[in-house]
Amino acid sequence: VAAMHHNYEDTWLAKRVSTTQEGREVAFFDASPIVQWIHAMYWVITVFSSVGFGDIVPQTTAELLYACFTMLVGAVIHGAIISHVVSIITTADKVDEFAQQQEKMAEAFARHSDLTSSVARRVADWVNHSAKASKYGGADRENMKQTVLCQHMPPALLDVLPASLFGGRLVRNRFVSMLKNSDAEAYLPVMIAMLVSRCDFVQGEAVYRIHDRPSSIFLVLDGTFAHVAKVAATGGIDIKTNGLERQRSLFRSSPVSHRVAKEEDDKSSTASTCSGEASCRPYPYRLFSFRSYFGEYEIVVGAARTCSTRCESQVGTLLVLSKDDFRNICAECPQFGHAWRLEAFRRHRQRLKLLHRLTAGKTYRHYAACTIQSFFKWSMSPLRSPMQPNRSSGRFPIPVGRPVQQAETDAQVDNRQVMSEVRALRSSVDDLRAEFRMVLSALQVSPSCPPLAGPPPEIWAGPRSC
């Protein structure tokens, strides 16, 4: 602009003076190129930043137009730079905030599931890495579910994570372990661990009572629970438990009262029947301990509670899976729903059989001892049927791709085959008896005579007498 002016000495460049290190004043045109570039950048920065100290002022019309143009361009460039910098800072803050929320959620999930420190650290690292690479927001159970199911979890982490949930007790629960033929077996414990909530009970406290609205399925994490009913000569009768059971559990909290209560239980366990006020006391007829679950039948059939359940040990812990979450899992994985439905009907039939056998009141310890003895005798019996399922394994195959009606039809066919084999065996035994009678009559041996030791009848030389 100064070069195009007819007299450059009238421009601000000619009037600009710089001071050297020795203190001499030098005209701007006589200064070194470095000094000229520094002064030019100083003027541009003051215009772009809208500071305007006023030490460099345009003098001519051309300088005024150039300064206005520079201000307009500077305002646009300044705004773009500032907005970009602010966007980077805010985006980084949001990512860090979301990553921190995800880390807190992972830490809460680790505490909730009793994960080991090493596995919890690996889960937190993976969640942090996934959070920074994902735009999904939120920090709740549904968010964690979406993170686990919608994003690809490393196979190495997926192999060790289910075995660490709740100290490895969740995967050993029959509710999960019976689904052994599932392709999504590794994801199912993780999904259940995110949906369940922990609930503690004391001795005698009711989990639910008969005719209550079913709302949850209960997985036993610690302690012992039991179905309870009133003793009758023709079989047990399901009744509602009252608040006296809870008061009794609180009374047994001290050592002295616990010893007195234990003596009373030992005395009452020897009685075969109950009379008077004691006949209204509910007694356990089916126990649920570690690796077991209950409360699924009423949810499967959509009916009210058919029995009452209470805590029998001093302290018990349950993992509570809500009805809605259970139905969502069944809707997402129909093969799980078929297996749980079949198992629910089988367990309900077993409960009715045990209820029918409740003709004598037994305390929790007495009934537990009898159950252990019966199971030990059954497991050690040489006549144990090979067709009977191994209850110690805790596994139940999933009928993948088979409807419930087909499974029930197959069971009926198997029962008819077994009955036909039994009838054939009885017929063979009757034929053997008839042949034995014929041999006895041929040998003229009296049926009242005791058998004599000796060689088989086929090698007898003649008739033997008593």
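Can you give the accessible area of HIS112 in Å² (nearest 10), computed on protein heavy atoms with a 1.4 Å probe?
50 Å²
Could you calculate the contour length gain from SER50 to CYS199, that is, 0.36 nm times the residue separation minus the distance between their Cα atoms, to one decimal place in nm?
Fully extending the segment from SER50 to CYS199 adds 47.2 nm.
When the label point is put 7 Å from the Cα of VAL17 along its Cα-to-beta-carbon vector, which residues of the stretch 33-64 have a backbone N closer than 19 Å?
Zone members listed by number: 35-36, 39-40, 54-59.
How far, in nm, would the chain grow between VAL429 and SER117 when pulled straight, counting 0.36 nm per residue and subtracting the alpha carbon separation?
Here the segment from VAL429 to SER117 would lengthen by 105.8 nm.
Run the 1.4 Å probe and let me know the accessible area of PHE376, rounded to the nearest 10 Å².
Its accessible surface works out to 130 Å², give or take rounding.
Which net charge results for the neighbourhood of GLY316, defined as the other residues with beta-carbon distances under 10 angstrom from its beta-carbon, given Lys and Arg at +1 and Asp and Glu at -1?
-3
Taking the Cα centre of the stretch 310-384 as origin and charging only Cβ (+1 Lys, Arg; -1 Asp, Glu), how large is the dipole, in debye to the nearest 20?
Dipole size: approximately 520 debye.
Report the local net charge at ASP212: Lys and Arg +1, Asp and Glu -1, summed over other residues whose C-beta lies under 15 Å from its C-beta.
Result for the local shell: +2.
Between beta-carbons, use under 14 Å as the cut-off and find the net charge around ASP222, counting Lys and Arg +1, Asp and Glu -1.
After counting each charged neighbour, the total is +1.
Can you give me the long-range amide H partners of ALA229? Hydrogens built in the peptide plane at 1.01 Å from N, cutoff under 5 Å, separation of 5 or more residues or another chain.
TYR283, TYR285
Rolling a 1.4 angstrom probe over the protein chains, ignoring ligands and nucleic acids, what is the accessible area of PHE53 in square angstrom, nearest 10?
Roughly 140 Å² of PHE53 is accessible to a 1.4 Å probe.
Report the gain in length on full extension from ALA40 to THR90: 0.36 nm times residue separation, minus Cα-Cα distance, nm rounded to one decimal.
Roughly 14.6 nm would be gained on extension.
From the cross-link list LYS240/LYS362; LYS323/LYS353; LYS323/LYS377, which pairs have alpha carbons spaced over 29 Å apart?
LYS323/LYS377
First check a/c for the stretch 307-365, with a ≥ b ≥ c the square roots of the eigenvalues of its C-alpha gyration tensor; if it is under 1.5, answer rounded, and if not, answer prolate when a/b is larger than b/c or oblate otherwise.
It is oblate, given that a/c is not under 1.5 and a/b is not larger than b/c.
Can you bin the stretch 342-381 into rounded, prolate or oblate? Criterion: square roots of the alpha carbon gyration tensor eigenvalues sorted a ≥ b ≥ c, rounded for a/c under 1.5, prolate for a/b above b/c, oblate for the rest.
Oblate.
Provide ASP325, ASP114, ASP430 ordered by accessible surface of protein heavy atoms (probe 1.4 Å), highest first.
Largest accessible area first, the list is ASP430, ASP114, ASP325.
Quick one: what are the phi-derived ³J(HN,Hα) couplings along the stretch 61-78, Karplus 6.51/-1.76/1.60 with θ = phi - 60°, whole Hz, x for glycine and proline?
5, 4, 5, 5, 4, 5, 5, 5, 4, 5, 5, 5, 5, x, 5, 5, 5, 4
With each label point set 7 Å from Cα along the Cα-Cβ vector, what nm distance links MET71 and VAL422?
Here the answer is 10.6 nm between the modelled labels.
The values are calculated or read from the model by the stated rules, or taken from the named source; none is laboratory data. All of these numbers come straight from a predicted model, not from anything done at the bench. So basically every Cβ, Gly included, is an ideal-geometry build from the backbone, and we count neighbours across all protein chains shown. For the accessible areas, the whole protein counts, side chains as well, though only heavy atoms, and no ligand, DNA or RNA atoms are used. Shrake-Rupley method; radii C 1.70, N 1.55, O 1.52, S 1.80 Å.
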